[in-house]
Amino acid sequence: MSAVSRRSGLFIALAAVVAGLLLLTAAPAHAAVVVAAWNMEDTGSTMADSSGRGHTGTLHGVTVRQPGQPGFGYGFNGKPSYATVPSGADFSPGTANIRISLSVRFSVLPSAAVGDYDLLRRGLSTTAGGDYKLEILGSGRAFCLFRGSGGLVSLSAGPNLADNRWHSLGCARIGKSVVLTIDGVAFTKAGTTGTIANTSAVFIGAKDGAGNDQYRGLMDSVSISVG
């Protein structure tokens, strides 16, 4: 074999090794898994879960077949109206990353009597094992909170969203940070929350079964991802 051939073969081998290392570097350490996805296209009193994990919800005073983003969505009118999903191990992330995603459209700010709009919540501030929630404050700004064995981290940011337009919201615990995303713009706050694991149901559109902090507006495409 000539010196030129040997050099060419060595170059090809090194290129293959480098390409393999780049692929390993680019691959995510953990892929997020959608553990629940409620598309809110339903016509009855139940809310189907398209994730395949069986997290079917029950509707309470919710108006179905409203304008969605896309397709149809749900109307919450504060009667109270809300949806409940039974507790499941999928909703307890432990120390893993977790993300809540949904779309909302509303024009009326929370009244002083209501306080704020709970869009999605699992657990209360007194719940053993922690809690998390995505809500709208009285100012119309989005608010994201995660509480676990290591502490509580919350973040409010962005503009007043009560403009009768659709807005895409995300509330995530990623590593040692909480990330609030509003229409693709991310706001981040560092902090440790630790393990989150409780046995609470998931409430959408209100704080609890009494309808406290009830939402008034449209909602669509709600999902929870872990990992």
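Based on the Stokes-Einstein relation at 37 °C and a viscosity of 0.692 mPa s, and on the Kirkwood radius from alpha carbon pairs, segment 179-227 is assigned a translational diffusion coefficient of 232 µm²/s. Every pair of different Cα atoms in segment 35-121 enters the Kirkwood calculation, which places the hydrodynamic radius at 14.3 Å. When the chain is treated as a GNM with alpha-carbon contacts under 10 Å, the residue of THR43, THR195, THR84 showing the greatest mean-square fluctuation is THR43. For LYS189, the lysines whose Cα comes closer than 17 Å to its Cα, not counting residues fewer than 8 places off in the same chain, are LYS133, LYS176. Take the Cβ atoms of ASN164 and PHE187, set R0 to 22 Å, and the FRET efficiency comes out at 0.45. Think of segment 86-227 as a dipole: +1 on every Lys or Arg Cβ, -1 on every Asp or Glu Cβ, centred on the Cα centre; then among GLY158, GLY194, PHE146, GLY194 lies furthest on the positive end.
Under 5 Å between amide hydrogens, built in the peptide plane, is the criterion, and for SER177 it picks out GLY191 among residues at least 5 positions away or on other chains. Comparing ALA96, ALA112, ALA157 in a Gaussian network model of the chain (Cα springs below 10 Å), the most mobile by mean-square fluctuation is ALA112.
Hey, got the dipole for the chain? About the Cα centre, +1 on K and R Cβ, -1 on D and E Cβ, debye to the nearest 20?
On the way: 18 positive and 13 negative charges, 131 e Å.
Computed about the Cα centre, the dipole is about 620 debye.
Under the criterion of Cα pairs below 8 Å and six or more residues apart, the relative contact order for the chain equals 27 percent. Convex hull of alpha carbon positions in the chain: directionally averaged projected area 16.2 nm². Calculated [222 nm] ellipticity per residue, helices only, for the chain: -3500 deg cm²/dmol; basis is -39500 (n - 2.57) per DSSP H run with n ≥ 4, divided by all residues, nearest 500.
For the chain, the longest principal axis of the Cα atoms and the long axis of helix 3-26 meet at an angle of about 10 degrees.
Every number here is computed from the coordinates shown, using simple stated rules; none is lab data. This structure is a prediction, so every number in the text was calculated from the model and none was measured. A quick note on method: Cβ atoms are made from the backbone with ideal geometry, for glycine too, and the neighbour counts reach across all protein chains shown.
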